1. It is to be established whether one or more residues within the range 81-103 are within 23 Å of ASN199 (Cα to Cα) and either among the hydroxyl-bearing types (Ser, Thr, Tyr) or touching a His at 6+ places or on another chain (Cβ under 6 Å) (or both).
2. Every residue in the range 111-128 that is among the acidic types (Asp, Glu) and under 15 Å from TYR178 (Cβ atoms), please.
3. Among the residues in the range 60-72, are any of a type in the set (D, E, K, R), exposed (fewer than 14 other Cβ atoms within 10 Å of the Cβ) and under 21 Å from TYR154 (Cβ atoms)?
4. Looking at the range 59-70, which of the residues that are part of a loop (DSSP other than H, G, I, E, B) and either more than 23 Å from the chain's Cα centre (by Cα) or at pLDDT 95 or above (or both) is farthest from ILE36 (Cα to Cα)?
5. Scan the range 119-134 and report the pairs whose first residue is assigned to a loop (DSSP other than H, G, I, E, B) and whose second residue is modelled with pLDDT of 95 or more and of a type in the set (Ser, Thr, Tyr), with Cβ atoms within less than 7 Å and a gap of 6+ or a chain change.
6. Determine whether ASN92 is in contact with a strand residue (DSSP E or B) (Cβ under 6 Å, 6 or more places away or on another chain) and under 14 Å from VAL48 (Cα atoms).
7. Out of (1) crowded, with 16+ Cβ neighbours inside 10 Å; (2) of a type in the set (Lys, Arg); (3) within 25 Å of PRO125 (Cβ to Cβ), the odd one out for LYS79 is which?
Amino acid sequence: MKKTTVKGGIFLKITVIQPPYFAGESPDEVIANFLIEKLNEAEGDLIVLPEYSNAGGLSDPEKEIAALPRAEKMLSAAKSTAKQKGCLVAVNVLEKRNGKLQNSTYLYNKNGEIAFVYDKIHLPPSEVNLNVSYGDGNCTCEIDGIRFGFMTCYDVYYNEQIEHIAAFRPDVILIPGYQRGERTDIITAQAKLTAFRCNAYVARSSYSMNDDEKGGNSMIVAPDGQILNNMGKEIGFITEEVDIKWKHTRPAGFGCGIVRNDDFINDGLRPQVFTK
């Protein structure tokens, strides 16, 4: 990838953590302990954990509800890591907040303070049946001059959310994932196309599965859709340093000038045609 550093570029070390999927005895506890261990080991300016950090490996609704108290433990670990290491930490939990079940992604700032909370917008049948509440649509924020977009697992299938985030002109899109049954080629394509459309880096954290064809693939993707690092089915974490103000540019047409890729797409949008 040919990169041109822009004046005032912001260099960020992005780390994504990938635990092994575990469905044995007390899988939620085993996975949570693994994530906390890796939080302690990981370095970087931004650390991203997968979906359901407090309830991973569970599929029984009663057990998922029983795992809710562990959300506080995971949030506390993320807060502590952010404060001690002076970094941003994104952690997803299934929790009860304000009397409602939520699938929540917390972003902690470098002081260990809650900078933003994203509530998952698109819910699969399992979460609908669990009575998880839908998010209100607020999925973007800006911290220290960095624009973040948020998507959680099932959200990546919905172009309207991608278009909404693209309009915000984000620098980094955070995707805590699960997608245990999805094909690896589709997971990869989703991350690449989201990065390409939004002209932003994608940081995706998910679970390694014992299957070469499904799940896994925690990765860091550049704004031009190039995968900078992909864990595949490995476990642990990866880190990439990027200039988050670098944007993919392209010709505005044959023989025309150079424009940002997202602007090239935006200039041709005709949403009114499809609302008739």
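The values are calculated or read from the model by the stated rules, or taken from the named source; none is laboratory data. Worth saying up front: this structure is predicted, and the values here are computed from it rather than measured. Ideal geometry is used to build each Cβ from the backbone, glycine not excepted, and the neighbour counts take in all protein chains shown.
1. Start the filter on the range 81-103 by keeping residues that are within 23 Å of ASN199 (Cα to Cα), which leaves 88-90.
Still in the list and also either among the hydroxyl-bearing types (Ser, Thr, Tyr) or touching a His at 6+ places or on another chain (Cβ under 6 Å) (or both): none.
Among the residues of the range 81-103, not one is within 23 Å of ASN199 (Cα to Cα) and either among the hydroxyl-bearing types (Ser, Thr, Tyr) or touching a His at 6+ places or on another chain (Cβ under 6 Å) (or both), which makes the answer no.
2. Across the range 111-128, the qualifying residue is only GLU127.
3. yes
4. Quick first cut of the range 59-70, residues part of a loop (DSSP other than H, G, I, E, B) only: 59-60, 67-69.
With either more than 23 Å from the chain's Cα centre (by Cα) or at pLDDT 95 or above (or both) added as a condition, the list becomes 60, 67-69.
Numbers: ASP60: 23, ALA67: 16, LEU68: 17, PRO69: 16 Å.
Once the filter is applied, the top-ranked residue is ASP60.
5. Hits for this filter: LYS120/THR152; ILE121/TYR134; HIS122/TYR154; HIS122/TYR158; LEU123/TYR134; LEU123/TYR154; PRO124/TYR154.
6. Values: in contact with a strand residue (DSSP E or B) (Cβ under 6 Å, 6 or more places away or on another chain): yes; under 14 Å from VAL48 (Cα atoms): yes.
Judged against the criteria, ASN92 is a match.
7. Every condition holds for LYS79 apart from (3).
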